[in-house]
Amino acid sequence: MKLNRASLWSLEEYAERRDDFRHEVMAYKKNRRIALGEHATLLFEDEKTIKYQIQEMLRAEKIFDSAGINEELDAYNPLIPDGENWKATMLIEYPDEVERATALGRMPGVEHKVWAKIGDNEPVYAIANEDLERSTDEKTAAVHFLRFELGTGNCAALKAGAQLSLGVESEVLPYSVVVDKTSVASLVADLD
C-alpha cells in the first residue's frame, strides 16, 4: 500500500495529533528495530513509519502545497514494502565523530553484506540504495536504504512460524541475531 495526499493530515491537523501519533509510532517502532551488534541497526519501514516521516518532513519544512506534498510522497513511498519484501533503513551509529569516520572508512560496501535467513533457506542479501549510491571505494555512509526480496517460499515459511535470523558479513561489523517472535510477527504483517 502506498500513501497519497488523502492519507496525510494537514499541517494544522497534524499539529493537533502529533504528540499522540509520535508516541504511537515510537512504541510501534520498538518491534521493528533490530540491532545488528553495538553499531548497526535495521529499522524496518512500513506505511505507518513512512507516514510519520512524511508528516514530520512536511511539518519541519512547512510544506502545504500540492507539488511539495507530492514530492515528499514520491521520495518516501518507495520505502513501503510491496508484499513479498521488507524495506529497512540501516543506521551505522558511532557516538564519537572521529570514531565514526574511521569506522565508515573501514567498511565500504557493508550495506551489500546484510542478510535475512528464514528457517533453513538460503540467506537473502539486501539490495542497497536503489535511489543513489552511498558508498565509495574509501568509505560507506552512515545511513542506507535496503530491500530484502524474500520470494513466495520465504514468505510462506515465515507465516508458518520459521525462525528469522538477520546479520551482516563484515570484518568490521560481523554479527547475526535470531529475531524475537514479537518482532517477527510485526514484520510478517508486511507480507500480504
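Summary of values
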quantity: Residues of the range 164-173 that turn out to be under 11 Å from residue 116 (Cβ atoms) and either of a type in the set (Ser, Thr, Tyr) or over 19 Å from the mean Cα position of the chain (by Cα) (or both), as a count; calculated: 1
quantity: Which listed residue is surrounded by 18 or more Cβ atoms within 10 Å (Cβ to Cβ), more than 21 Å from residue 35 (Cβ to Cβ) and touching a residue at least 24 places away in the same chain (Cβ under 8 Å), from 191, 166; calculated: 191
quantity: Residues located in the range 43-101, provided they are among the hydrophobic types (A, V, I, L, M, F, W, C), touching a Phe, Trp or Tyr at 6+ places or on another chain (Cβ under 9 Å) and surrounded by 15 or more Cβ atoms within 10 Å (Cβ to Cβ); calculated: 44, 50, 54, 57, 58, 79, 86, 88, 90
quantity: Odd one out for residue 155, checked against (1) crowded, with 17+ Cβ neighbours inside 10 Å; (2) closer than 17 Å to residue 92 by Cα; (3) out of contact with any strand residue (DSSP E or B) (no Cβ under 8 Å at 6 or more places or on another chain); calculated: (2)
quantity: Qualifying residue in the range 56-77 (condition: closer than 22 Å to residue 24 by Cβ, acidic (Asp, Glu) and part of a strand (DSSP E or B)); calculated: no
quantity: Total residues in the range 37-55, condition among the aromatic types (Phe, Trp, Tyr) and in a helix (DSSP H, G or I); calculated: 1
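Matching residues to (1) under 16 Å from the mean Cα position of the chain (by Cα); (2) among the β-branched types (Val, Ile, Thr):
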{"residue": "14", "(1), (2)": "no, no"}
{"residue": "27", "(1), (2)": "yes, no"}
{"residue": "34", "(1), (2)": "yes, yes"}
{"residue": "41", "(1), (2)": "yes, yes"}
{"residue": "67", "(1), (2)": "no, no"}
{"residue": "77", "(1), (2)": "yes, no"}
{"residue": "85", "(1), (2)": "yes, no"}
{"residue": "92", "(1), (2)": "yes, yes"}
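Each reported figure results from applying straightforward, stated rules to the coordinates on display, with no laboratory input. A quick note: this is a predicted structure, and the numbers were derived from the prediction, not measured. Every residue, glycine as well, gets a Cβ built from its backbone with ideal geometry; the counts of neighbours run over all protein chains shown.
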